[in-house]
Amino acid sequence: MTRDHRPSYLEIRDLRVVFDKFVAVDGVDLRVEQGDLRFLIGPNGAGKTTTIDAVTALAPAQGSINHNGHELVGRKTHKIVRYGVGRTFQTASVFEDLTVLQNLDIAAGLRRRPREMLRHRTGVSARITEVMKTTGLSDFQETKAGVLSHGQKQWLEIGMLMVQDANVLLLDEPVAGMSQDERDATGELLRKLAADHVVVVVEHDMEFLRKYAQSVTVMAAGKIIAEGTVAEVQANPTVQEIYLGTAGTKSLEEAKAEAEMLGLDPEAVTVGVPSATEREEH
Amino acid sequence: MTTTATPPATTTPSTTGARKLPSVAEGPGVWTTGPRGALIGLGIGAVLLLVVAPLTLGGFGLDLLGRYLCMAMVAVGIGLVWGRGGMLAMGQGVYFGLGAYIMAMHMTLADTTLEGESIPTFMRQNGVERLPELWGIVQHPVIAVAAIILVPTAVAGLLGWAIFSRRVKGAYFAILSQALAAAFAVLIIGQPVLTNGSNGLSNFQSLFGWDLDDSGNRLVLFLVVAVILLAMLAVTWQLYRSRFGELLVAVRDQEERVRFLGYDPALIKTVAYMIAALFAAIGGALFVPVVGIISPADIGVVPSIAFLIGVAIGGRATWLGPVLGSIAVSFAGTQLASAFPSAWVYLQGLLFVLVIGFLPGGLASVIGLLRRRRPEGRGGGRGDGSAGAPDEPGDDPQDTTREATEPEAAR
Ligand SMILES: Nc1ncnc2c1ncn2[C@@H]1O[C@H](COP(=O)(O)OP(=O)(O)OP(=O)(O)O)[C@@H](O)[C@H]1O
Ligand SMILES: [Mg+2]
């Protein structure tokens with residue numbers, strides 16, 4: 001859904017998110033264009049999720065967030081979604097009591113007329129059929145979303161973004177808890193989607209990042225500390241320092257693993273706080 | 001591209017597919033009905049109400065049943081907002097009362113005119129010399145009917161939008177709606193010159209020129225009431241299977257998630273609330289000629305809660321549960337109230353507590369369980385667990401982990 005052939009973009013300028021007195025996002029500038037596959041990484045508590053929350057009006061934003069010429073700051077969530085911004089959540093949140101088809105149908109409905117709303121769904125639209133195929137959910141059309149596997153729920157979420165005609169896809173840890181095969185399938189899907197969507201992926205999985213990221217933005221303590229290709233970011237001394245040393249609230253093992261994935265020496269990791277944190281997905 | 005999907009190790013419920021209404025969180029979806037089932041259900045209802053009842057019941061019995069049917073209209077609306085929409089509307093007496101009072105004012109005026117007077121007796125006794133404008137408006141029958149339909153719906157629209165767009169929900173909404181009912185009753189009692197206060201309006205002779213003492217006319221009135229109730233059931237059936245109905249359930253279960261699909265939950269909830277208000281108002285308006293009196297005692301807090309009891313007992317999220325529950329409770333009330341006048345109120349309260357506490361799906365869920373003889377296994381046999389099982393939400397759709405990590409908590 002490009003408008004007059006100009007590539008779509010999401011441009012965040014000087015974004016600040018303050019909770020009470022705690023500054024969770026502190027002057028973030030971020031521009032992502034269609035065709036890129038941008039990964040947003042950083043230690044726990046860096047402010048990645050909060051940045052996405054700010055774009056979707058879930059967190060109080062100051063600054064400017066521009067999507068294809070539309071200013072998003074100050075608008076309500078459902079309006080922002082109508083401008084074409086879609087997101088997934090760190091914890092998959094599909095409608096568990098509804099079937100896969102019903103989930104997708106609801107997601108596809110935001111531009112439906114009132115009269116259509118009052119009618120029963122007859123048949124399955126070509127678009128939904130196609131998306132179910134792409135996300136491997138065709139066989140589960142009538143399955144309640146609540147009984148899907150974790151990976152399938154994540155796919156269903158991505159599928160919902162696709163049928164909703166979102167132009168900006170903000171994915172918060174989409175492969176957390178997926179098997180290797182599922183990760184690869186998801187990576188391929190994201191790569192495809194990035195061709196005609198603005199895609200931002202928040203991820204902790206560094207192997208996944210190295211395989212699929214086109215560009216990387218690194219956040220720490222509410223600020224952006226580096227941006228570039230995977231290789232550039234790996235070579236960045238500040239990034240190395242953050243991933244090797246004072247790395248937030250991760251456990252030592254996790255920090256070492258991440259450092260290794262980044263191509264650094266895991267034994268150089270010194271500090272690590274045991275992960276009695278709020279990370280539910282591991 | 002094709003992805004390698006790990007099929008969940010559950011038996012896909014293939015037979016209970018597309019037609020199925022979304023189930024209630026606390027029980028399997030019962031009386032889930034396709035077009036054929038709906039026609040059968042409505043057909044049985046029509047035969048019972050339009051043929052069997054008039055043939056077997058005397059005038060008194062018909063009046064009583066007609067009264068139950070009027071109350072049941074409120075229940076149908078409550079089923080929509082509460083059962084499907086999750087809004088515990090404890091103040092439907094307001095809309096019932098609005099419909100009823102508009103109708104009662106119109107009928108009182110019509111009778112007054114027939115008697116050759118210009119001002120109702122109770123007003124003259126209060127020393128009123130000119131008909132208040134509020135009354136003058138509803139003198140014409142067409143305007144009265146229009147007002148019965150439009151006024152409560154508009155009030156519900158304004159109130160609903162004000163409440164839901166401020167994200168007032170759950171117990172706060174319940175308390176607020178109940179306070180509205182209390183305030184409305186107080187308002188009516190406080191305006192004896194306009195409303196005849198706590199005495200209410202009664203002694204109606206005619207409706208739209210038809211003599212209400214005539215037994216043939218009363219039969220027609222009953223049939224009209226029955227047909228309107230059946231029509232409301234047909235409308236809710238269509239609503240429940242429509243996309244709007246699915247969306248309403250989605251809003252009930254995960255309001256914040258719906259926002260991220262581009263919908264405004266406040267709008268969806270307001271529409272449901274308006275429909276329920278309309279049903280309640282029509283029930284109230286028909287209640288007046290059928291029963292012959294409307295007073296603040298019929299519309300305040302206590303009757304507002306009484307409306308809920310039948311809905312809860314019958315199964316609030318089911319299609320026919322609210323209407324059947326409501327009629328059953330009304331019937332039991334009449335029987336028991338004459339035998340043990342004071343005990344009935346307590347028994348009603350007890351029943352309500354028991355059902356809400358132990359059988360949130362209502363009696364309908366028992367029937368559903370028996371019919372299916374299938375364990376309620378939404379969470380049973382889910383994915384094979386290789387994929388991050390620790391994250392699986394529990395059986396409650398309002399899973400606490402999600403509530404904590406997501407939208408709701410942030411506001
Ligand atoms: N609603 C809130 N109120 C107060 N503080 C918050 C709120 N939401 C997030 N924070 C804080 O903001 C900081 C950034 O959190 P955020 O969730 O954005 O981190 P993250 O980079 O997504 O981390 P993770 O990798 O663990 O998901 C954290 O310190 C968090 O405690
Ligand atoms: Mg996060």
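Descriptive notes on the structure:
- Taking every alpha-carbon pair within the stretch A:9-233, the share separated by more than 28 Å comes to 29 percent.
- Per-residue shielding of A:96-105, expressed as the average number of other chain Cβ atoms within 10 Å of the residue Cβ, stands at 6.
- Most mobile listed residue (A:Gln164, A:Gln152, A:Gln180) in chain A, GNM with C-alpha springs under 10 Å: A:Gln180
- Taken along its three principal axes, the alpha carbon spread of the stretch A:1-126 comes to 49, 38, 27 Å, from the longest extent down to the shortest.
- Phi angles of the stretch B:283-290 translate, via the Karplus equation with coefficients 6.51, -1.76, 1.60 and θ = phi - 60°, into HN-Hα couplings of x, x, 5, 6, 4, 4, x, 5 Hz per residue; Gly and Pro are given as x.
- Each helix, a run of at least 4 DSSP H residues, gives -39500 (n - 2.57); summed and divided by the residues of chain A, these come to -9500 deg cm²/dmol at 222 nm.
- For the stretch A:32-146: relative contact order, % (alpha-carbon pairs under 8 angstrom, 6 or more apart): 22
- Chymotrypsin sites (Phe, Trp or Tyr not before Pro) restricted to DSSP loop in the stretch B:287-319 with at most 13 other C-beta within 10 Å: none
- Restricting the stretch A:99-181 to trypsin sites (Lys or Arg not before Pro) in coil, as DSSP defines it, with at most 10 other Cβ within 10 Å: A:Arg111
- Taking every DSSP beta bridge that has both ends in chain A, the antiparallel portion is near 60%.
- Under 5 Å, built H, 5+ apart or other chain: amide partners of A:Leu58: none
- Basic side chains Lys and Arg get +1 at the Cβ, acidic Asp and Glu get -1 at the Cβ, and with that the dipole of chain A about its Cα centre reaches some 1540 debye.
- Karplus-derived 3J(HN,Hα) values for the stretch B:113-128, using 6.51 cos²θ - 1.76 cosθ + 1.60 with θ = phi - 60°, are 5, 4, 7, x, 9, 10, 10, x, 3, 4, 6, 4, 5, 8, x, 7 Hz; glycine and proline are entered as x.
- Candidates per trypsin sites (Lys or Arg not before Pro) in the stretch A:20-60, loop by DSSP, up to 12 other Cβ within 10 Å: A:Lys21
Coordinate-derived values only; no laboratory data. Since this is a predicted model, take the numbers as computed values, not measurements. For neighbour counting, all protein chains shown are included, and Cβ atoms are generated from backbone atoms with ideal geometry for every residue, glycine included.
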